[in-house]
Amino acid sequence: MKWAVISVTEKAVEKAMEVAKKIDCDIYTLPKYSVEGTIPFENGFKKGVGDIFSEYKTLLFIMASGIVVRTIAPLIKSKDIDPGILVMDEKGNFVTSLLSGHLGGANTACETIAQAVGAVPVISTASDVSGKTAVDTLAMAIKGKMDSLEKAKHVTSLIVGGEKVSLKLPDNVTISEDNSAGVIVLSNRKEVKVSQIIPQNIVVGVGCRRGTPKETIIEAVEKAMCEANLHMDSIRIFATVDLKGDEKGLLETVKHYGRELTVISRDKILPIEDNFEGSDFVKKSIGVKSVSAPCAFLASESKGKFITEKMRQAGVTVSIYEEEIRRDG
């Protein structure tokens, strides 16, 4: 994903152009310093930053950190949604990870740009300084979602403080006896901090009758997830067949959960349709025997297994496929 590089002086624009040779980015500046290849802030610096703040994963400011802090302060919401913010001096001597070091990826981006332009990376998060892994770093590595930022902060503080913190992993991450839904903690500590990371590794395949309202689809999806004892936040993506790609109720359901819909063509389903429970009636109607299960399987990005191959309710079929969890890096 592109970075936004923001500069407010002539020298900073020159440095931004150097950065653009190394990093895929859009360069923003004031109109008086705008040259070919840059985008001017026509409505002023503060308004311009506000307009693009949520449009990029990483924002690199080439200017004094004080200006950056005062400008972004009203825009900051939460570490799990704010972009990564970097600050570099005009000469490119130092680049600092200022905000959203872990979840926003600023620490990694800081290392990347420092290496690219020969700057010294400045990273101050305690876990990185001590060479230890924070909870939010682990969550980002497996593309998971934390159940509570506050709990994660407490557990990370234990890690940084040198306390022993156990890591419990289900069998689709590493070898274990079972993919447990509960944990027994054996400890003589009066208070034990616990933080849950919810991997987003569930693909939900959906088939439905034409005109099925979103309320009916949502009810079916939530029933299937509940019966499988799965957290709704674990859904990574929804999948359906090409004939249902424009189904209003389904599109509204996907939007309701803030996810994306992968549309699978019937040509891809045909070679594997016999691997799933099917219906001759469905075959006669749309050309393939089954929708939800093969769509969930084909939309997956890694090996895994079906938690629920098919659940039917009120004209809606739901299939739940659990992907193996892969750690990046």
Residues of the stretch 61-79 being farther than 16 Å from VAL122 by Cα and in a loop (DSSP other than H, G, I, E, B), in sequence order, are ILE76, LYS77, SER78, LYS79
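Yes or no, residue by residue, for (1) free of Cβ contacts under 8 Å to residues at least 60 places away in the same chain; (2) within 18 Å of PRO121 (Cβ to Cβ); (3) crowded, with 22+ Cβ neighbours inside 10 Å:
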| site | (1), (2), (3) |
| --- | --- |
| MET1 | yes, no, no |
| GLU18 | no, yes, no |
| ILE27 | yes, no, yes |
| PRO31 | yes, no, no |
| ILE52 | yes, no, no |
| LEU59 | yes, yes, yes |
| ILE81 | yes, no, no |
| GLU90 | no, yes, no |
| GLY105 | yes, yes, no |
The stretch 288-304, residues that are among the charged types (D, E, K, R) and either over 20 Å from the mean Cα position of the chain (by Cα) or crowded, with 20+ Cβ neighbours inside 10 Å (or both) = LYS289
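If I go through the stretch 275-329 residue by residue, how many of them are in a strand (DSSP E or B), of a type in the set (A, V, I, L, M) and either out of contact with any helix residue (DSSP H, G or I) (no Cβ under 7 Å at 6 or more places or on another chain) or farther than 17 Å from GLN200 by Cβ (or both)?
To start, the set of residues in the stretch 275-329 that are in a strand (DSSP E or B) comprises 304-313, 316-323.
Checking the rest, the ones that are also of a type in the set (A, V, I, L, M) come to 307, 311, 316, 318, 320.
Checking which are either out of contact with any helix residue (DSSP H, G or I) (no Cβ under 7 Å at 6 or more places or on another chain) or farther than 17 Å from GLN200 by Cβ (or both) leaves us with 307, 311, 316, 318.
Residues meeting the conditions: 4.
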Go through the stretch 98-125 residue by residue and tally those that are part of a loop (DSSP other than H, G, I, E, B) and at pLDDT 85 or above.
-> 2
Is it fair to say ILE264 is at pLDDT 95 or above, open to solvent by less than 30 Å² (accessible area, probe 1.4 Å) and out of contact with any Pro (no Cβ under 9 Å at 6 or more places or on another chain)?
-> no
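The values are calculated or read from the model by the stated rules, or taken from the named source; none is laboratory data. Predicted model, so just to flag it, every value in this text is computed and none were measured. Every residue, glycine as well, gets a Cβ built from its backbone with ideal geometry; the counts of neighbours run over all protein chains shown. Surface areas here come from the heavy atoms of the whole protein model, side chains and all, with no ligands, DNA or RNA. Shrake-Rupley method; radii C 1.70, N 1.55, O 1.52, S 1.80 Å.
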